[in-house]
Number of protein chains: 2
Amino acid sequence: MNKLKVESLARKNIQKLKPYQAKEISCKIKLDANESPFAVKISDFISEINIPLNRYPDPEAIVLRKALSKKIKLSYENIMLGNGSDELIYYLILTFGGPVLYPVPTFAMYGIIAQSVGVEAIECKLDKDFDIDDEKFLKLVKLKKPRLIFLSSPNNPTGNTFSTDKILKIIEFAQKNSSIVVIDEAYQPFSSEKGFLPFLKDYENLLILRTLSKIGFAGLRLGYLIGKKEFLHEINKVRLPYNIDSITQYVATEALNKFYPQIKKFISEIIKERQRVYKRLLKIKKLKVYPSEANFILLKLKNSKEVYKKLLKAGILVRDLSSMIDNALRVTIGTKEENEEFLKALETILEEKG
Amino acid sequence: MNKLKVESLARKNIQKLKPYQAKEISCKIKLDANESPFAVKISDFISEINIPLNRYPDPEAIVLRKALSKKIKLSYENIMLGNGSDELIYYLILTFGGPVLYPVPTFAMYGIIAQSVGVEAIECKLDKDFDIDDEKFLKLVKLKKPRLIFLSSPNNPTGNTFSTDKILKIIEFAQKNSSIVVIDEAYQPFSSEKGFLPFLKDYENLLILRTLSKIGFAGLRLGYLIGKKEFLHEINKVRLPYNIDSITQYVATEALNKFYPQIKKFISEIIKERQRVYKRLLKIKKLKVYPSEANFILLKLKNSKEVYKKLLKAGILVRDLSSMIDNALRVTIGTKEENEEFLKALETILEEKG
């Protein structure tokens, strides 16, 4: 059983699978991972953690689900927790199977997890404004009868929300075709729009994914799925009984109960900075800037790979998107100081290029 | 899309799935979940946690894997981490598929996860001493060509280790049939035997699962899979990139580096108590006690359900195994005081029954 044979033991869908690239590149200014730039420590809102580590966590995580429930004003029974939204995407696809349909470019994990589970993944290209091409999309729903549709809105990595009318049209059409629509609202807190929580009561086939990762708690790993109890009941069957550890349950609960005003302040600060950075970027020549409803901005510029490397040399890490979108970079909104350094470095690099 | 229809949207294997029952029953003395009875708090070995929660965890968890690597004296590249061993069982079955073969009665998650993923699960009944029926088992390997074989040794819920000769025979035969053998050593720290780490170098198709859950850190959720790099490389493709959160990475590392002598002391204490409780149980009439190499003891007695309820009334929660093994209870080894209360309560209940 040599190296070649180990590979051939894996299922066919795994042999071909290219996993998510989460490489750690150390850098002074990290604007690559859509994290909050504001350092949050446990001691900012907790004086001591007294949890008995020898005991299993609450398998139902009731206290944490109730804390979340207060924030979104829905019953905790409409909330299911995951070790990051990633885990919930796994559970959704394990429960309902495929095909899985989503517009591209988008968050890479929908496709990767579909392939891991071994179900068909169908991609539908966004239009030139990165909105959904609804005509093409609805045709695919009718033709392919996807079990699951993932819509990331605001979309990563393009930054825009998809138009509400198009999303509603898709949900309605999907319902007729027994397709489930999951709206991934990871970036919703940064959007000027209200998101789809208000529509939950109107549509039976609608589920919403949210996360604490983008609003200051990426290190905690906490995603949550919101939907009808009957849906969550089915998905809960494939959930690992102790998927949220005791410390995460406690820290997240305390953060929601005691640190929420500060979380909201940080979000406002990021939105303000995003608007400022956007306007500054508009003034730079040889650059196409896309408006954003998220905590990052998409840029297109000639020789993006070269610019990426020069920024890295200047101590600024952004995301090179060239494998997804031609000559594109994605820059996360940092602190004001970090954004200034980024803007100055970018200006210098583009001036140099003449 | 009413309730019935939601169910019918789930895959066939999920519709029939009965999930793992992890019900919280509050009780003075908890001897039901094979946890360590010794309260461990973060403050026992960490003065302050300074982790920036806004940043994603290290996707490779290098520091923690190196801390584990020192303990088992193998390279960190031979170690893969999971959010509990449960998550690693998911990854193993997602990567290699089925059929999955295991002896029964055993840990319920092998079967539940196989069903979640949608692969065939094959059960092979243990012999009357709860050892593997190797003749029957090897026949199933030949006939069914399982992709994965799970052997929990010491076995949960029976408490015994399977005989080493039989396991080695299975590994060798499995290798010829391109089957992978996973030995789940969750309870190995309580065993008088050495376990299968020393055999890793001899067999290409051998993987070993371990966990911190039984030795004082069930609340942390940390399992680890040990095996050849080529194997872990394939399995790593289906792993969520940030499956171990930052706090768990830090707390587990500190526990291994600074609290290990205490962990070992607790383990010795549990083993000593297990021997004492075992001898005491042997003296009780109307009871069959099984020798144990784990942190729990299996009992058989008439009307086990009634005894279970009476123990609960006396403030002692044990595990009712009657759905798996006729008239059986499983009792976790507690502190000396807890064990005394359990023994006295059991004696009283059985005397009453006359």
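Laboratory data are not the source of any read-out in this text; all were calculated from the coordinates shown. Just so you know, these numbers come straight off a predicted model, no measurement behind them. As a convention, Cβ positions derive from the backbone with ideal geometry for all residues, glycine included, and neighbour counts pool all protein chains shown.
Couple of notes before you dig in:
- Rounded if a/c under 1.5, otherwise prolate or oblate - chain B, Cα gyration tensor axes: rounded
- A simple spin-label model places the labels of B:S26 and A:E77 2.1 nm from each other, with each point 7 Å out along Cα-to-Cβ.
- Helices in chain A, meaning DSSP H runs of at least 4 residues, each add -39500 (n - 2.57). Divided by all residues, the mean residue ellipticity at 222 nm is -12000 deg cm²/dmol.
- Separation of the B:E48 and A:K145 label points, Cα + 7 Å toward Cβ, nm: 6.1
- Scanning residues 5 or more positions from B:F296 or on other chains, those with amide H under 5 Å from its amide H are B:I333, with H placed 1.01 Å from N in the peptide plane.
- Pseudo-label separations to other copies for B:S75 - Cα-to-Cβ vector, 7 Å, nm: 5.4
- Amide H within-cut-off set for B:A328, under 5 Å, with H built and near neighbours excluded: B:L321, B:S322
- Under the Karplus curve 6.51 cos²θ - 1.76 cosθ + 1.60, θ = phi - 60°, whole-Hz ³J(HN,Hα) for region A:167-172, x wherever Gly or Pro sits: 4, 4, 4, 5, 4, 5
- Gyration tensor verdict on region A:1-64 (Cα atoms; rounded if a/c is under 1.5, prolate if a/b is larger than b/c, oblate otherwise): oblate
- Cα extents of region A:116-218 along the three principal axes, largest first (Å): 40, 32, 32
- Placed amide H near A:S152: partners under 5 Å, 5+ positions off or other chain: A:D184
- Model label points for A:K201 and B:N257, set 7 angstrom from Cα along the Cα-to-Cβ axis, are 5.3 nm apart.
- Other copies of B:N236: label-to-label distances in nm, shortest first, labels 7 Å along the beta-carbon direction: 3.6
- Contact order for region B:53-259, expressed relative to its length and based on alpha carbon pairs under 8 Å spaced 6+ residues apart, stands at 28 percent.
- Residue with peak Gaussian network fluctuation, chain B [Cα springs, cutoff 10 Å], from B:E35, B:E204, B:E230: B:E230
- With the highest mean first, a sort of the peptides A:330-337, A:222-229, A:25-32, A:252-259 on other beta-carbon atoms found within 10 angstrom per residue produces A:222-229, A:330-337, A:252-259, A:25-32.
- Shape category assigned to region B:53-259 from the gyration tensor of Cα positions, a/c cut at 1.5: prolate
- Label point of B:Q15 (7 Å along Cα→beta-carbon): distances to the other copies' equivalent points are 3.2 nm, sorted ascending.
- Taking every alpha-carbon pair under 8 Å whose residues sit at least 6 apart, chain B reaches a relative contact order of 23 percent.
- In order through region A:72-83: 3J(HN,Hα) via Karplus (6.51 cos²θ - 1.76 cosθ + 1.60), integer Hz, x for Gly, Pro: 9, 6, 9, 5, 5, 6, 8, 10, 10, 9, x, 6
- P(r) of the protein assembly as shown over all Cα-Cα pairs, binned every 10 Å from zero, in whole percent: 3, 14, 23, 25, 19, 10, 4, 1, 0, 0
- Phi to ³J(HN,Hα) by Karplus 6.51 cos²θ - 1.76 cosθ + 1.60 over region A:42-48, Hz, x for Gly, Pro: 3, 5, 5, 9, 9, 8, 8
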